[in-house]
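Please read the structure below before turning to the comments.
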Amino acid sequence: MSKKDIGLAFLVVIVWGANFTVIKLGLAGVPSMLLAVLRYVLTAFPAIFFVSRPTIEWKYCIAYGLAVGVGQFGCLFYAMDIGMPAGIASVILQSQAFFTILFGAVLLKEPLKTRQIIGLIIASLGLYLIGTNGGSNGTLSIPIGAFSLSLLAAASWSGSNIVIRYAVARATSKGQKLDMLSLVVWSSLVPPIPLMILALMFDTPETLLHSITNLNGISIFAVLYLAFFSTLFGYGTWSRLLARYSTGRVAPLSLLVPVTGLITAGLVLGEKLSVLQLVAGLVIVLGIVISNFDLAPMKFLLKAKD
């Protein structure tokens, strides 16, 4: 990779890691579902007037929009609203990697390799340690509801990955190439309506209207950051890097997102994690690395089995 593209990749990682802290800041002034609605409205408009519609059927856009917008970010925003720390959320969301492996095995009939099973077991141990550690000495405790919703958000993210697999296969069968930025922009038309229905279930119309008409500077910054930096810049730049280089060169850099997420949450929000929570986070990342990348030692040890 060129120095410029390496710099862009690290910038995206920083933007995505800080995303969790920005969500937490935004939730201080805007109800969770309304914040998600505003994020997707600004992601779709005015971008749809400048980005061509993806060359796939609408069912893929709808499925992707529901999986990411309602499943992933709807669950994540609400989980963080009821107590999920920003730093730990950045770690748990990465478990989408092995959810994707499981869904791929069930839905796409992709064979499970030995290293993937080992990585899954290791990452599950890390999730168990994070979920059962109640926090001590001023460290952060995690409500079971928030933890469960964060896992559901990760599973929904992996569901969107499966949708992309189907969409890519469909586009390829038509002799076309799927433009991920186009998919992200046009699928952003889908989440606002179901998210607004959820918002009206959680809060009164008066509360939501009051929040919109009384947005403070931090809330406005959060909405703009989530729409333009995290979504449009992040996905747009990442898609171009994936188009230019092999997945093996680009994808491993995403494992730095939890690192930047933990650092940002610590510096901005003052989140203090226990030693067990930090160790659990490292265990999760280790499991993901083993599951998704052919490490030389693992290839040597498992060559006979895989």
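The values are calculated or read from the model by the stated rules, or taken from the named source; none is laboratory data. The shown structure was predicted, so the numbers you read here are calculated from the model rather than taken from an experiment. Don't worry about glycine lacking a Cβ; one is built from the backbone with ideal geometry, like all the others, and counts go over all protein chains shown. The area values use the complete protein model at the heavy-atom level, side chains included, leaving out ligands, DNA and RNA. Shrake-Rupley method; radii C 1.70, N 1.55, O 1.52, S 1.80 Å.
Observations on the structure shown:
- Local net charge near D179, Cβ-Cβ under 11 Å (Lys/Arg +1, Asp/Glu -1): +3
- Packing-based ranking, highest mean first, of 98-105, 174-181, 255-262 given that Cβ atoms within 10 Å are counted: 255-262, 98-105, 174-181
- Carbon/sulfur fraction of accessible area - the range 28-77, other protein chains in place, 1.4 Å, %: 74
- Think of the chain as a dipole: +1 on every Lys or Arg Cβ, -1 on every Asp or Glu Cβ, centred on the Cα centre; then among S160, G104, V13, G104 lies furthest on the positive end.
- Cα gyration tensor category, rounded, prolate or oblate, for the range 85-238 with a/c compared to 1.5: oblate
- Global form of the range 165-277, assessed from the alpha-carbon gyration tensor, a/c cut-off 1.5: oblate
- The chain shape via C-alpha gyration tensor axes, a/c threshold 1.5: oblate
- Packing-based ranking, highest mean first, of 204-212, 111-119 given that Cβ atoms within 10 Å are counted: 111-119, 204-212
- Dipole magnitude of the chain, debye to nearest 20 (Cβ charges: Lys/Arg +1, Asp/Glu -1, about Cα centre): 1120
- Helix-only [θ]222 nm of the chain, DSSP H runs n ≥ 4, -39500 (n - 2.57) each, per residue, nearest 500: -21000 deg cm²/dmol
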